[in-house]
Amino acid sequence: MASRDEIRAGLAQHLARLWRYGLALSGARDVAEDLVQATCLRALERADQFQAGTRLDHWLFAILRSIWLNEVRARRVREGQGFVDPDQTLFSDGAEIETNIFAGQVLNAVHRLPEAQRETVLLVYVEGRTYSEAAAFLGIPIGTIMSRLAAARLTLGKLGVNRASSEADETPRGKAK
């Protein structure tokens with residue numbers, strides 16, 4: 001069990017990553033900020049549920065995802081609508097606005113992916129999770145992770161986002177990125 005002070009101390013180092021995850025899920029900067037705030041509050045309120053010796057970031061990401069899914073379900077019940085329009089989204093890394101035009105195009109394309117693919121792309125390619133870690137986090141088989149990533153790469157390629165995959169092909173096969 002961890003104390004509130006220990007959780008509070010660990011929160012600061014994960015805020016930017018939580019914000020990126022919230023942005024990837026929601027597609028809106030203000031919603032991502034609200035998700036991070038709600039995540040921090042819930043983590044502090046439930047500090048006694050955190051298992052010492054486990055990874056704080058995994059626990060925080062799970063909290064954020066749970067809050068997001070609850071909000072989506074509630075919104076669908078209330079309004080019958082899906083996600084925030086990705087064309088209205090501002091892209092930022094939490095510190096400064098994205099200036100790289102290609103990266104902005106990639107982010108726009110990623111936000112057009114279905115939710116399951118978008119979430120999987122974020123966990124594996126942005127957060128650097130292994131397929132096994134992403135599968136465990138999402139509670140799905142590793143084969144589903146691979147299928148989602150393959151489908152996402154295909155979709156992104158059709159959308160004209162193929163520069164990243166051609167650069168990835170230049171990496172020697174035996175070396176890890």
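Quick notes on this structure:
- Residue among G160, G174, G143 that is loosely packed, with under 14 Cβ neighbours inside 10 Å, farther than 23 Å from D57 by Cα, out of contact with any strand residue (DSSP E or B) (no Cβ under 7 Å at 6 or more places or on another chain) and at pLDDT 90 or above: G143
- Just one of the listed residues (V110, V77) is under 28 Å from R42 (Cβ atoms), modelled with pLDDT of 80 or more and part of a helix (DSSP H, G or I), and it is V110.
- Which listed residue is at pLDDT below 60 and in the same structural domain as A24 (by TED's automatic domain parsing), from V72, V84: V84
- Against the numbered list (1) of a type in the set (S, T, N, Q); (2) at pLDDT 85 or above; (3) over 16 Å from L25 (Cβ atoms), Q105 comes up short only at (2).
- Looking at A52, A38, A43, just one residue is small (G, A, S) and at pLDDT below 90, and that residue is A52.
- Condition met for R153 (at pLDDT 50 or above, among the charged types (D, E, K, R), exposed (fewer than 11 other Cβ atoms within 10 Å of the Cβ) and not in a loop (DSSP other than H, G, I, E, B)): no
The values are calculated or read from the model by the stated rules, or taken from the named source; none is laboratory data. Everything numeric here is computed off the predicted structure, so don't read it as measured data. Using ideal geometry, Cβ is built from the backbone for each residue, glycine included, and neighbour counts are taken over all protein chains shown.
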